[in-house]
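Notes to accompany the following structure.
Every number here is computed from the coordinates shown, using simple stated rules; none is lab data. Not measured: the values here are computed from a predicted model. All Cβ positions, even for glycine, are placed from backbone atoms using ideal geometry, and neighbour counts span all protein chains on display.
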Amino acid sequence: MFDDITSGLRALMPELRGRLIANASLADITWFRVGGPAQVLFTPADEADLAYFLKRKPRDLPVFVIGLGSNLLVRDGGVAGVVIRLGRGFGEIKVEEGGRLRAGTAVPDVKVARAAAEAGISGLAFYRGIPGSIGGALRMNAGAHARETKDCLVGARAVDPEGNVHVLTLADMGFTYRHSAIPETWIFTEATYQGAPGDPAEILKEMDEVAEYREKNQPIKERTGGSTFKNPPGYSAWKLVDEAGCRGLRVGGAKVSEMHCNFLINDRQASGEDVERLGETVRARVQAKSGVTLSWEIIRVGNPRPGSSVGAVLAILDNTVDQAQS
């Protein structure tokens with residue numbers, strides 16, 4: 001458990017409208033269902049409230065933002081500082097003329113796909129296959145089924161660590177594969193998309209095909225974090241994992257999915273340490289087998305639990321990968 005600093009923060013921010021919760025469980029709101037608490041969980045009322053908080057917070061107070069928690073692994077010692085989770089104030093979708101759509105960054109990707117389909121806007125159906133929120137889609141140029149966020153985004157809004165609001169163009173985003181050039185300390189608040197005219201029935205049919213593919217090929221009913229590793233240039237991560245003999249590999253309560261081996265699953269009350277050690281073991285085996293270094297697509301955050309050996313174990317595994325690469 002962390003020290004409760006919420007009263008001190010309230011004193012610094014008398015006009016704050018959002019909610020501050022001390023020692024809030026993150027396992028309850030992340031898809032892996034593992035990990036320790038946030039020292040403070042802050043849910044801002046809206047963009048202005050978020051900017052106010054960032055302007056008033058102590059400069060040395062760490063801040064980390066999460067969305068739906070679909071691609072997030074929280075370590076067992078929890079996250080010191082403030083974890084910001086955008087809620088209802090960032091959950092609106094607006095359909096505009098000319099095939100444009102605006103969405104708050106707390107909106108799940110699937111809801112944007114559905115709203116676009118109902119409005120007869122094509123080009124966003126691929127979001128049906130991405131289990132996250134719009135904020136995460138902007139951060140990592142999320143994509144599926146041969147399309148990416150960069151293919152339909154017009155612009156976005158974000159708040160920097162000093163509380164300044166920025167209006168960003170597509171060019172500003174600097175999108176590459178699973179990456180945005182916007183500083184990680186900036187928090188996205190809204191996205192604007194441009195689609196093309198389409199038939200709602202056809203778009204919904206395309207979405208159903210995407211959903212059917214996911215259900216047949218991915219362990220979407222398990223406690224997982226989505227795709228674990230990025231595809232290295234010229235390779236498919238899942239094939240590398242499979243060829244290294246890792247399909248079904250287990251560490252504690254965590255296992256490599258046998259349905260799709262680029263997914264790690266929590267099927268036996270795993271700890272955050274179990275999941276991370278499993279992922280690093282897979283990386284080391286892939287490196288030894290193929291010479292290819294896999295990079296995590298899942299975001300890992302927080303500290304190991306007190307007294308845990310995970311730090312030393314992960315250092316050994318990382319060193320194994322580094323030595324094999326050199």
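Going by how many other beta carbons lie within 10 Å of each one, how would you line up Val251, Val256, fewest first?
Lowest count first: Val251, Val256.
In Å, what Rg and Dmax follow from the Cα atoms of the stretch 145-301?
Rg, Dmax (Cα atoms, Å): 18.6, 50.
How large is ³J(HN,Hα), in whole Hz, for each residue of the stretch 257-264 in order, when computed from phi with the Karplus curve 6.51 cos²θ - 1.76 cosθ + 1.60 and θ = phi - 60°, using x for Gly and Pro?
Along the stretch 257-264, the couplings run 4, 7, 6, 8, 7, 9, 10, 9 Hz.
In whole Hz and in residue order, list the ³J(HN,Hα) couplings for the stretch 19-26 that follow from phi through the Karplus curve 6.51 cos²θ - 1.76 cosθ + 1.60, θ = phi - 60°; x for Gly and Pro.
9, 10, 10, 7, 6, 7, 5, 9
Using the per-residue mean of other Cβ atoms lying within 10 Å as a proxy for protection, in what order, highest first, do the peptides 176-184, 84-92, 119-127 fall?
The peptides rank, most packed first, as 119-127, 84-92, 176-184.
Fewest first, what order do Arg147, Arg157 take by the number of other Cβ atoms within 10 Å?
Sorted ascending by nearby Cβ count, the order is Arg147, Arg157.
Helix by helix through the chain, keep the DSSP H runs that span 15 Å or more along the axis on Cα and average at least 0.5 on Kyte-Doolittle, and give those back in order.
Those that clear 15 Å and a mean of 0.5 are 310-325.
Could you work out how far apart the two model spin labels at Glu118 and Asp160 are, taking each label as a point 7 Å from the Cα in the direction of the beta carbon, and quote it in nm?
3.8
Rounded to the nearest 20 debye, what is the charge dipole size of the stretch 1-56 about its Cα centre when +1 sits on each Lys and Arg Cβ and -1 on each Asp and Glu Cβ?
With Lys and Arg at +1 and Asp and Glu at -1, about 20 debye.
Using only C-alpha positions, report the orientation-averaged shadow area of the convex hull of the chain, nm², one decimal.
16.8
In terms of modelled amide H atoms, which long-range or inter-chain residues lie less than 5 Å from the amide H of Ser133?
Residues meeting the amide H criterion: Leu68, Asp109.
Given H placed on each backbone N at 1.01 Å, which residues far from Phe229 in sequence or on other chains put an amide H within less than 5 Å of it?
Here the answer is Glu297, since their amide H atoms fall under 5 Å of that of Phe229.
As a footprinting exposure proxy, order Val275, Val34, Val65, Val165 by other Cβ within 10 Å, with the fewest listed first.
Val165, Val65, Val34, Val275
How much length is gained on full extension from Asp28 to Ala181, taking 0.36 nm per residue of separation minus their Cα-Cα distance?
52.0 nm
How much length is gained on full extension from Ala288 to Asp267, taking 0.36 nm per residue of separation minus their Cα-Cα distance?
Roughly 4.9 nm would be gained on extension.
Sticking with the crude label model, points 7 Å out along Cα→Cβ, report the distance from Asp4 to Arg59 in nm, one decimal please.
Going from the Asp4 label point to the Arg59 one covers 3.0 nm.
Report ³J(HN,Hα) in whole Hz for each residue of the stretch 120-136, in order, from the Karplus equation J = 6.51 cos²θ - 1.76 cosθ + 1.60 where θ = phi - 60°; Gly and Pro get x.
Going residue by residue, I get x, 10, 8, x, 10, 4, 4, 5, 4, x, 10, x, x, 10, 5, x, x Hz, with x marking Gly and Pro.
Among the listed pairs Lys111/Lys230; Lys111/Lys216; Lys55/Lys94; Lys150/Lys216; Lys150/Lys289; Lys94/Lys205, give every one whose C-alpha distance is greater than 31 Å.
Pairs exceeding 31 Å: Lys150/Lys289.
Three principal axis extents, largest first, for the C-alpha atoms of the stretch 6-88, in Å?
Taking max minus min along each principal axis of the Cα atoms, the stretch 6-88 gives 35, 24, 17 Å.
Mean residue ellipticity at 222 nm from the helices of the chain, using -39,500 (n - 2.57) per DSSP H segment of n ≥ 4 over the full residue count, to the nearest 500 deg cm²/dmol?
Calculated from helices alone, the mean residue ellipticity at 222 nm is -9000 deg cm²/dmol.
Note down the magnitude of the dipole of the chain about its Cα centre, charges +1 on Lys and Arg C-beta and -1 on Asp and Glu C-beta and zero elsewhere, to the nearest 20 debye.
The dipole of the chain has a size of about 520 debye.
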